[in-house]
Amino acid sequence: MTRYFTAEHEWIDVDGSTATVGITDYAQSQLGDIVFVETPASGARVTKGGDAAVVESVKAASDVYAPVSGTVSEGNDALADDPALVNSDPEGEGWFFKLTLDDPSELDGLMDDAAYKAFIAGL
Amino acid sequence: MSDTNEPDEILPDAPLALPLDAWHRARGARMVPFAGYLMPIQYEGIMAEHLWTRDSAGLFDVSHMGQLILSGDGVDAALEVLVPGDIAGLAEGRQRYSLLLADDGGILDDLMIARAPMGLYLVVNGAMKWDDIAHLREHLPDDINISHLEDRALIALQGPKAVDALKRIVPGVDMLSFMEAGSFFWGLEPLWISRSGYTGEDGFEISLPAEHVADFCDRLCAEPEVKPIGLGARDSLRLEAGLPLYGHDLDETTNPVEADLGFALSKRRRAEGGFPGSEVILNAHAQGAVRRRVGLSVAGRMPVREGAEIFSGAEKVGVVTSGGFAPSANAPIAMGYVSAAQAAPGTALEAEVRGKRVAVTVTQLPFIPHRYHRKGAAQ
């Protein structure tokens, strides 16, 4: 399994043609207390760079973009009851949705762990 | 991921630093531009800071707000030309919430006015202060002196334990009741303190020389009840308290009656008129406003925020002007304007968020009861 990152602070774990998407620890720390998450329904189509989910902190709503195009296979239902999972375990239990990739080559432009660490260090 | 709700108070010029800038940063604050200044949005987190204030005492930096002294012969009558409050009847040491009004009755800003020994002490919104000063200069007679206290900081200590902490440092502040103010000393430093604030809690607002504010805040935070609190919690606290925020819930297009600020129209002024827009406002006061500012309880967990439209069936009946998650209510809440026919508490309406309808119910404000220290009230 390989993890990639976007400049918009999403992470994506890829395992063959399926992947899991969430927001990074840096992103949750910037947002603060998460009070609501809207995840896409199973079967929804998402487009690389397009809106895929919404995460709301006490102070603001933020869009979460799809790191790659594909078909959603599952949204994380646990976030409906416990949106604070995004704060406590953003890169684990606080995942947003799983999808089937249209085109694995879309991963090519994303950052690996080292590149993302360097990226946020420069923010 | 990206913010869809950027702060709209950002001015084109680079934001300025306030006297407590380094103090906030040393305490781990995240600084954001607000009203032309860099201000702390949060320290440990909005939720924890909000709940701490409701339970204990929170220290807020509100030095971005404008502090003015108006003085000169006839200052009361001169200011009454611009506001609907009874200024002549304001005794020394008393403070009153009031409004700067436009000729059509719209609200130019909301403000606090206190009778201080040197004159009338005004506190106006940070984002509006330059406009307010220009408005006062234009409309007050030349022999009224307007002094902008730019060398003074302003902090607020809010919460049920604020009095316990502050009276150890400034003996005698516990003698003030809600909306009373007076001169105090911290060592040799003069303080002007009012028992007021914008959280719905008991508390104080303290004006002091900017050069001493960091030391004073250190001293306050040495008290076990006190923690510094950011702008984020200030907003959620005032929303729960049903208090309107200028530029969001009030602006030049809202009049005091529809904004549910009829209490700011003093009895004598209602009888006499003679303030800007008095005809329109007194007519609305007598007849009832066409729309009303109301509280909205929101079903489910999804926040309904500023700009969301409000519907009764297919008919659009209003708009949300402030909304978010309420930590003490542990639910999303909002306030906004709805047509008078839909403004009764209990009215079931819907708000539209990202193309979806969410059930909302008109609710009596405040969402969380005020706990002011009123004179004569049972302690």
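Look through region B:151-177, keep the residues that are surrounded by fewer than 17 Cβ atoms within 10 Å (Cβ to Cβ) and in contact (Cβ under 8 Å) with a residue 40 or more places away in the chain, and return whichever of them is farthest from the chain's Cα centre (by Cα).
Just the residues of region B:151-177 that are surrounded by fewer than 17 Cβ atoms within 10 Å (Cβ to Cβ), to begin with: B:151, B:164, B:167-168, B:171-172, B:174-175, B:177.
Adding the requirement that they be in contact (Cβ under 8 Å) with a residue 40 or more places away in the chain leaves B:151, B:164, B:168, B:177.
Working: B:Asp151: 22, B:Asp164: 23, B:Arg168: 27, B:Ser177: 18 Å.
Checked region B:151-177; the qualifying residue farthest from the chain's Cα centre (by Cα) is B:Arg168.
Taking the listed residues B:Ser312, B:Ser328, B:Ser322, the one that is surrounded by fewer than 18 Cβ atoms within 10 Å (Cβ to Cβ), hydroxyl-bearing (Ser, Thr, Tyr) and at negative phi is B:Ser312, with no other qualifying. Of all residue pairs spaced 6 or more apart or on separate chains, those with beta-carbon atoms under 7 Å, a first member in region B:295-309 that is within 13 Å of chain A (Cβ to nearest Cβ) and a second member that is in a loop (DSSP other than H, G, I, E, B) and modelled with pLDDT of 95 or more are B:Val298/B:Val304; B:Glu306/B:His248.
Selection over region A:10-35 of residues that are over 22 Å from A:Leu99 (Cα atoms) and part of a helix (DSSP H, G or I) gives a count of 4. For B:Ala127, the criteria (1) in contact with a Phe, Trp or Tyr (Cβ under 8 Å, 6 or more places away or on another chain); (2) of a type outside the set (Val, Ile, Thr); (3) open to solvent by less than 60 Å² (accessible area, probe 1.4 Å); (4) more than 19 Å from B:Phe204 (Cα to Cα) hold in every case but one, which is (3). Among the residues of region A:47-59, at least one is within 24 Å of B:Gly232 (Cβ to Cβ), modelled with pLDDT under 95 and not hydroxyl-bearing (Ser, Thr, Tyr).
The rows are residues; the columns are (1) in contact with a helix residue (DSSP H, G or I) (Cβ under 8 Å, 6 or more places away or on another chain); (2) under 23 Å from B:Arg301 (Cβ atoms).
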position: A:Tyr65; (1), (2): no, yes
position: A:Ser69; (1), (2): yes, no
position: A:Glu74; (1), (2): no, yes
position: A:Ala80; (1), (2): no, yes
position: A:Asn87; (1), (2): yes, yes
position: A:Trp95; (1), (2): no, yes
position: A:Asp103; (1), (2): no, no
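Of everything listed in (1) farther than 23 Å from B:Tyr246 by Cβ; (2) of a type in the set (A, V, I, L, M, F, W, C); (3) within 14 Å of another protein chain (Cβ to nearest Cβ); (4) open to solvent by 30 Å² or more (accessible area, probe 1.4 Å), the single unmet condition for B:Ala29 is (4).
To keep it simple, each residue is scored yes or no on (1) away from chain B (no Cβ under 14 Å); (2) open to solvent by 10 Å² or more (accessible area, probe 1.4 Å); (3) of a type in the set (A, V, I, L, M); (4) in contact (Cβ under 8 Å) with a residue 12 or more places away in the chain.
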{"position": "A:Ile23", "(1), (2), (3), (4)": "no, no, yes, yes"}
{"position": "A:Glu38", "(1), (2), (3), (4)": "no, yes, no, yes"}
{"position": "A:Thr47", "(1), (2), (3), (4)": "yes, yes, no, yes"}
{"position": "A:Lys59", "(1), (2), (3), (4)": "no, yes, no, yes"}
{"position": "A:Val68", "(1), (2), (3), (4)": "yes, no, yes, yes"}
{"position": "A:Asp81", "(1), (2), (3), (4)": "no, yes, no, no"}
{"position": "A:Ala84", "(1), (2), (3), (4)": "no, yes, yes, yes"}
{"position": "A:Asp103", "(1), (2), (3), (4)": "yes, yes, no, yes"}
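Among the residues of region B:200-235, count how many are open to solvent by less than 10 Å² (accessible area, probe 1.4 Å) and part of a loop (DSSP other than H, G, I, E, B). Number of matching residues: 4.
Residue count for region B:53-75 satisfying the condition of being within 14 Å of another protein chain (Cβ to nearest Cβ) and surrounded by fewer than 19 Cβ atoms within 10 Å (Cβ to Cβ): 0. The set of residues in region B:170-185 being closer than 15 Å to B:Leu220 by Cα and either touching a helix residue (DSSP H, G or I) at 6+ places or on another chain (Cβ under 6 Å) or among the small types (Gly, Ala, Ser) (or both) consists of B:Val173 alone.
The values are calculated or read from the model by the stated rules, or taken from the named source; none is laboratory data. In this text the structure is predicted, and so the values were computed from the model without any measurement. FYI the Cβ positions are ideal-geometry reconstructions off the backbone, even for glycines, and counts take in every protein chain you see. The protein model used for the area step is the full one, side chains on, heavy atoms only, and it has no ligands, DNA or RNA in it. Shrake-Rupley method; radii C 1.70, N 1.55, O 1.52, S 1.80 Å.
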